[in-house]
Amino acid sequence: MTDLHDLAAKVIAEGEGPRLPTPSPVDRTTIRHWTEAMGDTNPRYQGPDAIAPPAMIQVWSMDGLNGRKRTRAPLDDLLDALDAAGYTGVVATNCEHIYHRPLVPGEELTSATRTTDMTGLKKTALGDGYFVTWQVTWYAQDEPVAEMIFRLLKFRPREERSPSEGRKPYPLRPAVNRDTEFFWEGARSGELRIQKCGDCGELRHPPGPVCPSCRSVKRTYAVAAGTGVVYSYVVHHNPPVPGRETPFVVAVVELPEGVRIVGNVVDCAPAEVEIGMPVRVTFREMDDELTLPLWTPGES
Amino acid sequence: MAGTALAGIGATEFSKNSGRSELQLAAEAVFAALDDAGLAPSDVDGLVTYTQDSNQEIALAREVGIGDLTYFSRVHYGGGAACGTVAHAAMAVTTGAAEVVVCYRAFNERSGRRFGQPDAGLGGEPSSMGLEMSWHVPYGLMTPAAWVAMFAQRYMHEYGVKSEDFGRVAVAMRRHAASNPAAWFYERPITLADHQASKWIVEPLHLLDCCQESDGAVALVVTSADRARDLRCTPALISAAAQGAGAGQMMMTSYYRDDMTGLAEMGVVGRKLWEISGLRPSDMQAAILYDHFTPFVLTQLEELGFCARGEAKDFIRDGGIEIDGHLPVNPHGGQLGEAYIHGMNGIAEGVRQIRGTSVNQVADLENILVTAGTGVPTSGLILTRG
C-alpha cells in the first residue's frame, strides 16, 4: 500500500486548497432552525443582535442535501483512492473546533481544506484501515474565524461470515508439535486419527514419537470408525471454565479400535449420560482455527 | 534410609489470607522447625522443596541465615512431592551429601494462585507436559476436581460405591479437625447430610469432597538418627521413604491404563515402602493419607493393602478410619479439615503421632504411614518410634 502513502504525502504537500465560498451567507433563519433543532435557547442567538452559535460553523459550508460538489479538493483524490483500494468503510473518530470570534448574520465566508496526516495500515475492531486527518479553516475576507481538525477511519469491512465462522478465538487451545499435529489436522478435515505404528501396526492414543512396543519411529495413523462407548465421564459445574457454559460433560470414550480418548459429550442433557452409553464422533469448529472431535449419543 | 530421622517440625498458622509473602512464610516455618529441633540455621547444609515452590533454596537460605549449602534438590509433580522431599533429604544424609537437611513448602494457595481455578495456559507450550494436558484442556477438563472426578465415576461404577461413601471420608476428617486447634475447621464438624447438600463441583464430586484452599508453610528437619537422638525432641525414624510412578503415568489424567479404578503409582510406593522397611500394613497403627479429594482416600486404602479392591467403602463404613478405628486416618483432620499445605502438614502430624504429642493422639503407636499427592507421581514414608 505504498502507493496510498505516496498519494497521501503528495496531498499533504499541496497544503491548503482553494478558499471556496460557502453556499449562502450567515443568516437568521438558518440560526433559528439550528437552535430549535438543538433545543438551544441561549438568548445570545436570538433577536436583532443575535450571533451565530459557534458550533454551527460547519453548517455554513455544507454542500446540502443534493451533495453537489462545488470543486474537488486534493483530499477527495485520497479518499477516492482509499475506496478503490477496498477501504470503503468510514467512521469519524475525532472532531475539534477552534473559534476565533463570533459570526453575525450577513457575513460571507469561505472555507479551505488542508490534509495533514494519514496513518496506517492499522488493525481495528472494525477492520484494517487508515486514519486520515484534515483541517478546515473558515475565513471572513482574509481573517480566519474558525478551524476544525477532523479525523476519520477508512476501513476494509470484515467479510460477512456464516454464524459458525468468525467467532472470537476459543481460549482452551492445545499445544501442538510435530508428534501430534496429524491429530489436529485430522480433526479439521473431519477425521478422528489414531496413531498407528508404521512397523508393528500398534494403535496408540495419546500419540507419541516412539512406538512403545517396537521402538519404531515410523509413524502413520488409522482413521477411526468414529464410534465409541462412554467409559467414564464427569459433569463440570464449578468453577466457571473459559470458553465453556456450565454444566458440561467430559467423557473418556473407549473406541472399538482399542484405545481411549477424552472429549465432550454434546447434544444431550448431562443427566442422560452414563457409563456404557454408545456415542458417535462429531467435529465442532471452536473458532476459525481449532476443530475438536466431540461425541454425540449414538446407536447402540 | 535406615539411620535417618525427622528431628524437627515447624509451621505457620493455616489461613485463607496470610498477608505476607510466600518467602516470609517459608522462613517462619523453617525457624519454627529449627527451634523445635534445637538447631541453628548454621547447622543446616541442605534444602529440599517442591518444583512448584516459588521460593528458591538460596533465597530462603539468605532470609534464614543459612550459610554454605552442600545439597539442594527439588521434587516434581505437585503434591506428589511431599514425602519425596523427605526421601531426598534422607538419601542426602545417608550418602553424606549433607548432615542437616530442611524440607519446606510455602504458598499462598488461597490468597494467591489457586490450584482449583482453571488455567487456560495449561496446554500452552509443546513441552511433554503441555502436550499431555492438551488431550484434556481443550475439552474443559482442566481442574484437579475434574481430573479426580473422572476416576471416581469409574470407581463408583465398578464397585458400587456411592457418593455417601466419599462423604464419610469428609465427615471423618472434619470430625478429627474439630478437635484440632490448628485446623481451619476447628470446632466445625459436618454431617453426611451437609456433604450431600453441598453444591456440585464436578459430578460426582460435591464441594465437601474437595479439600480446602490454604495459605501457610510447613518445614521439616531431617538428619541422622544418631544426631536426632541428641536433639530436643523424640526422633521420628524414617523406616522407609519412596517415590513412585506407574506404567502409563500422567499428571492426574492416567485414563489410558487398562484399569482406571486404582492408583498404580501408589501401589509402586506401597510395595517399595514395605520392601525397604520390612513392615506390613498390619504393622501400621495409623496413616496419613493424602486427601485432596475424598475418592482417592478409598483408592489408597486398597492400593496400600489395608483392604481389598472395592472394599474401602466397607472399611470406612465400619468406622475403620476413625481415631479409634482399625486404621486411624489423618488424626489432624487432613487437608479436608486442617489445611491444604500440599501434604507437608500431614508429615508433621505423622511426626507428632510418633512423639505422642498430637491433639488426637492414637494410642500405642509404633509406626505410621504417610502418603503424598495422588493421581500424580507420588511418594510415601513410614515413620517409626525411635
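The values are calculated or read from the model by the stated rules, or taken from the named source; none is laboratory data. Keep in mind the model is a prediction, meaning the values are calculated, not measured. Here Cβ is always computed from backbone atoms with ideal geometry, including for glycine, and neighbour counts include all displayed protein chains. The accessibility values were calculated without ligands, DNA or RNA, using every heavy atom of the protein model including side chains. Shrake-Rupley method; radii C 1.70, N 1.55, O 1.52, S 1.80 Å.
Go through B:161-172, B:107-118, A:127-138, B:58-69 and give me the packing order, highest mean Cβ count within 10 Å leading. Present the calculation step by step, with values, prior to reporting the outcome.
On the way: B:161-172: 21.8, B:107-118: 18.2, A:127-138: 20.3, B:58-69: 15.8.
Highest to lowest by the protection proxy: B:161-172, A:127-138, B:107-118, B:58-69.
Note on B:W200: accessible area approximately 90 square angstrom, rounded to 10, probe 1.4 Å, nucleic acids and ligands left out. In chain B, the ratio of gyration radius to Kirkwood radius, Rg to Rh, stands at 0.94 when only Cα atoms are counted. For the range B:229-303, trypsin sites (Lys or Arg not before Pro) meeting the loop criterion (DSSP other than H, G, I, E, B) and having at most 10 other Cβ atoms within 10 Å: none. Less than 5 angstrom separates the built amide H of A:Y233 from those of A:V252, B:R154, all sequence-distant by 5 or more or on a different chain. Taking only the Cα atoms of the range A:83-136, the radius of gyration and Dmax are 15.9, 46 Å. The Cα center of the range B:259-324 and the Cα center of the range B:1-80 differ in position by 29 Å.
At 222 nm, what value in deg cm²/dmol follows for chain A if DSSP H runs of at least 4 each add -39500 (n - 2.57) and the sum is divided by all its residues, to the nearest 500?
Working: 4 runs with 42 residues, N = 300.
Roughly -4000 deg cm²/dmol at 222 nm, from the helical runs in chain A.
Per q in 0.05, 0.08, 0.11, 0.12 Å⁻¹, report the Debye log10 I(q)/I(0) for the protein assembly as shown, using one uniform scatterer on each alpha carbon and no solvent. For the protein assembly as shown, the Cα-only Debye profile gives -0.40, -0.72, -1.04, -1.19. All distinct Cα pairs of the range B:161-298 go into the 1/r average, and the inverse of that average, the Kirkwood radius, is 18.0 Å. Rounded to the nearest 10 degrees, the inclination of helix B:264-277 to the longest alpha-carbon principal axis of chain B is 40 degrees.
Compared with the dominant principal axis of the Cα atoms in chain B, helix B:22-37 is inclined by about 60°. Once both labels are positioned 7 Å from their Cα atoms along Cα-to-Cβ, the gap between A:R101 and A:E245 label points is 6.5 nm. Modelled spin-label separation between B:F31 and B:T95, with each label point placed 7 Å from Cα along the Cα-to-Cβ direction: 3.3 nm.
Across all directions, the average flat footprint of the convex hull enclosing the Cα atoms of the range B:294-386 is 5.9 nm². Pairs of Cα atoms nearer than 8 Å and 6+ residues apart set the relative contact order; for the range B:47-168 it is 21 percent.
The A:V266 and B:I276 beta-carbon pair, evaluated with R₀ = 51 Å, returns a calculated FRET efficiency of approximately 0.55. Between B:E311 and B:V359, the C-beta separation translates, for a Förster distance of 30 Å, into a calculated FRET efficiency of about 0.50. Each stretch of four or more DSSP H residues adds -39500 (n - 2.57); spread over every residue of chain B, this sum gives -10000 deg cm²/dmol at 222 nm.
Between A:Y139 and A:E299, what is 0.36 nm times their sequence separation minus the Cα-Cα distance? Round to one decimal in nm.
Working: separation 160, 0.36 × 160 = 57.60 nm, distance 8.11 nm.
Residue separation times 0.36 nm, minus the Cα-Cα distance, leaves 49.5 nm.
The alpha carbon centroids of the range A:249-284 and the range A:1-63 are separated by 67 Å.
How big is the convex hull of the Cα atoms of the range B:106-167, per residue, in Å³?
Values: hull volume 8.5 nm³, N = 62.
Here the figure is 137 Å³ per residue.
Spin-label model, A:D76 to A:A13: label points 7 Å out along the Cα-to-beta-carbon direction sit 2.3 nm apart. With one equal scatterer per alpha carbon and no solvent term, the Debye-computed log10 I(q)/I(0) for the range B:114-240 at 0.12, 0.13, 0.22 1/Å reads -0.73, -0.81, -1.18.
Measure nothing but the geometry: give the 0 to 90° angle between the long axis through the Cα atoms of B:82-95 and the longest principal axis through the Cα atoms of chain B, rounded to 10°. Helix B:82-95 sits roughly 30 degrees off the main axis of chain B.
For the range A:193-199, putting each phi into the Karplus relation 6.51 cos²θ - 1.76 cosθ + 1.60 with θ = phi - 60° gives couplings of 9, 10, 4, 10, 5, x, 9 Hz, in residue order, rounded to whole numbers and with x for Gly and Pro.
What's the extension gain from B:A193 to B:S15 if we count 0.36 nm per residue and subtract their Cα-Cα distance?
On the way: separation 178, 0.36 × 178 = 64.08 nm, distance 2.61 nm.
Gain on extension, B:A193 to B:S15, equals 61.5 nm.
Taking every C-alpha pair closer than 8 Å and separated by at least 6 residues, the mean separation divided by the residue count of the range A:23-158 gives a relative contact order of 27 percent.
Which value results when the Cα radius of gyration for the range A:181-297 is divided by 2.2 N^0.38 Å? Display every interim value, and only then the final one.
On the way: Rg = 15.2 Å, N = 117, 2.2 N^0.38 = 13.4 Å.
Rg over 2.2 N^0.38 Å, computed on Cα atoms: 1.13.
For B:K162 and A:E274, a Förster radius of 22 Å and the Cβ-Cβ distance give a FRET efficiency of 0.90, rounded to the nearest 0.05.
In Å³ and rounded to a whole number, note down the convex hull volume per residue for the Cα atoms of the range A:84-219.
Details: hull volume 26.7 nm³, N = 136.
It comes to 196 Å³ per residue, whole-number rounded.
Using the 2.2 N^0.38 Å rule of thumb for compact globular proteins, work out how the range A:2-155 stacks up: its C-alpha Rg over that value, please. Can you show the working numbers first?
Values: Rg = 17.3 Å, N = 154, 2.2 N^0.38 = 14.9 Å.
Output field value: 1.16.
Rule-of-thumb check for the range B:67-142: C-alpha Rg over 2.2 N^0.38 Å? All intermediate terms of the calculation are to be shown ahead of the outcome.
On the way: Rg = 16.9 Å, N = 76, 2.2 N^0.38 = 11.4 Å.
Compared with the compact-globule rule of thumb, the range B:67-142 sits at 1.49.
Going 7 Å from the Cα of B:Q56 toward and past its Cβ, which residues in the range B:71-87 have a backbone nitrogen under 17 Å from where you end up? What the label zone holds, given the 17 Å backbone N cut-off, is B:71-75. With the biggest extent put first, the Cα atoms of chain A measure 97, 45, 31 Å across the principal axes. Taken one residue at a time, the phi angles of the range B:357-372 give Karplus couplings (6.51, -1.76, 1.60, θ = phi - 60°) of 10, 6, 5, 10, 5, 7, 6, 6, 8, 10, 10, 9, 9, 10, 10, 10 Hz. Gly and Pro are set to x. In this structure B:K199 has an accessible area near 110 Å², from a 1.4 Å probe over the protein heavy atoms. For B:R105, the residues whose amide H sits under 5 Å from its own are B:V218, ignoring neighbours fewer than 5 places away on the same chain, with H placed 1.01 Å from N. Taking θ as phi - 60° and the Karplus parameters 6.51, -1.76 and 1.60, the scalar couplings of the range A:85-94 work out to 7, x, 8, 8, x, 9, 8, 6, 10, 9 Hz in sequence order, x denoting glycine and proline.
Of the listed pairs A:K218/B:K272; B:K199/B:K313; A:K123/A:K196, which have alpha-carbon separations greater than 32 Å here? Listed pairs above 32 Å: A:K218/B:K272; A:K123/A:K196.
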